[in-house]
Amino acid sequence: MPHKRALIVVDVQNDFLPGGPLGVESGNRILPVVGNLIENGQWDLVIMTQDWHPADHVSFASNHPGRNPFEVIDLPYGSQMLWPKHCVAGTEGSQIACVIGTSGADLVLRKGHDKSVDSYSAFCAADGHSTTGLEAYLKAHEIEEIIVCGIATDFCVSYTALDGAKAGFKTSVVMDASAAIDTNDSLAVARAAWKEAGIREVLSTDYT
Ligand code: VGL
Ligand code: ZN
């Protein structure tokens with residue numbers, strides 16, 4: 001029996017698409033690629049994640065008078081980049097892109113709902129100990145490999161892949177199904193960390 005694989009589609013939400021407050025330029029380009037990946041029938045599980053913040057979330061620059069988006073501040077759990085207000089729970093911007101939808105998902109996992117801590121990773125918040133339960137869920141389903149794609153390659157996709165690898169899953173990032181913010185060399189930094197962690201960079205055509 002081949003081992004079990006889960007596709008994890010990270011934060012393909014309106015606010016991260018062009019026109020959104022944290023719109024990633026190449027966001028639209030990945031939509032058909034992500035759609036085809038979800039539908040290709042190669043996954044034992046498909047998991048989608050949704051960034052899901054209260055309006056007073058600590059990661060929003062607007063909640064820190066005098067601060068601007070993309071500045072880094074120190075918080076009790078470490079350094080935190082500040083962002084434009086995005087993915088406020090229940091808003092149109094927080095919805096998964098309608099061309100993707102959620103009908104192909106076995107699980108939709110929301111993260112970042114605690115106002116005092118950010119959560120790029122689908123496994124664990126930035127404080128390093130508040131888990132989402134995803135590791136236990138995947139292990140309960142005997143998943144051995146995760147294939148990660150979505151937005152943003154250098155933040156939520158990257159931290160999800162790194163935590164997945166740390167939890168012992170064979171881990172890959174689908175580069176043509178992921179879109180990067182790429183601020184301050186963040187994509188290069190992420191790719192170096194993946195290399196160190198044994199995370200592979202793959203293409204969607206590897207799964208056809
Ligand atoms: C993300 C910044 C802030 C992401 C989420 O999905 O990569 N980036 N919140
Ligand atoms: Zn966020």
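The values are calculated or read from the model by the stated rules, or taken from the named source; none is laboratory data. Keep in mind the model is a prediction, meaning the values are calculated, not measured. Reconstructed Cβ throughout: ideal geometry from the backbone, glycine too, with neighbour counts over all protein chains shown. Just so you know, the surface numbers come from the protein's heavy atoms only, side chains and all, with ligands and any DNA or RNA stripped out. Shrake-Rupley method; radii C 1.70, N 1.55, O 1.52, S 1.80 Å.
Work out from phi, with θ = phi - 60° and the Karplus expression 6.51 cos²θ - 1.76 cosθ + 1.60, the ³J(HN,Hα) of each residue of the range 92-108, listed in order in whole Hz, and give x for Gly and Pro.
With coefficients 6.51, -1.76 and 1.60, one gets 4, x, 7, 6, 5, 3, 5, 5, 8, x, 10, 5, x, 9, 7, 9, 10 Hz.
For the chain, what does -39500 (n - 2.57) per DSSP helix run (n ≥ 4), summed and divided by total residues, give at 222 nm, in deg cm²/dmol to the nearest 500?
Here the helix-only value at 222 nm equals -6000 deg cm²/dmol.
Provide the convex hull volume over Cα atoms per residue for the range 89-208, in Å³. Could you put the intermediate results ahead of the total?
Numbers: hull volume 15.8 nm³, N = 120.
Output value, Cα hull per residue: 132 Å³.
For the range 1-117, take the convex hull of the Cα atoms, compute a quarter of its surface area, and give me that in nm², please.
The Cα convex hull of the range 1-117, projected and averaged over all directions, gives 8.7 nm².
Determine the distance separating the Cα centre of the range 1-28 from the Cα centre of the range 118-134; give it in Å without decimals.
That distance is 18 Å.
I need the Kirkwood Rh of the chain: take the reciprocal of the average 1/r across all distinct C-alpha pairs and report it in angstrom.
16.9 Å is the Kirkwood radius here.
Against the 2.2 N^0.38 Å scaling, with N counting residues, where does the range 23-92 land? I'd like the Cα-based Rg ratio to two decimal places. All intermediate terms of the calculation are to be shown ahead of the outcome.
Details: Rg = 16.4 Å, N = 70, 2.2 N^0.38 = 11.1 Å.
So the Cα radius of gyration is 1.48 times the expected 2.2 N^0.38 Å.
When the accessible area of the chain is computed with all protein chains present and a 1.4 Å probe, what percentage of it is carbon and sulfur?
Whole-percent figure for carbon plus sulfur exposure: 50.
How big is the antiparallel share of DSSP beta bridges in the chain, given as a percent to the nearest 5?
Antiparallel bridges: around 20 percent, rounded to the nearest 5.
Using a 10 Å cut-off on Cβ atoms, rank the peptides 41-50, 5-14, 180-189 from the highest mean neighbour count down.
Details: 41-50: 19.5, 5-14: 26.2, 180-189: 15.0.
By packing density, highest mean first, the sequence is 5-14, 41-50, 180-189.
Could you do me a favour and compute the accessible area per residue for the chain, 1.4 Å probe, result in Å²?
Using a 1.4 Å probe on heavy atoms only, each residue of the chain averages 46 Å².
Which of the peptides 22-32, 74-84, 168-178, 152-162 is most tightly packed, and how do the rest follow, judged by the mean count of other Cβ atoms within 10 Å per residue?
152-162, 168-178, 22-32, 74-84
Quick one: if you take sqrt(5λ) for each eigenvalue of the C-alpha gyration tensor of the range 146-208, what semi-axes come out, biggest first, whole angstrom?
Taking √(5λ) for each Cα gyration eigenvalue gives 16, 15, 9 Å.
If amide hydrogens are placed 1.01 Å from N in the peptide plane, which non-local residues have theirs closer than 5 Å to the one on residue 97?
Hits under the 5 Å cutoff: 13, 14.
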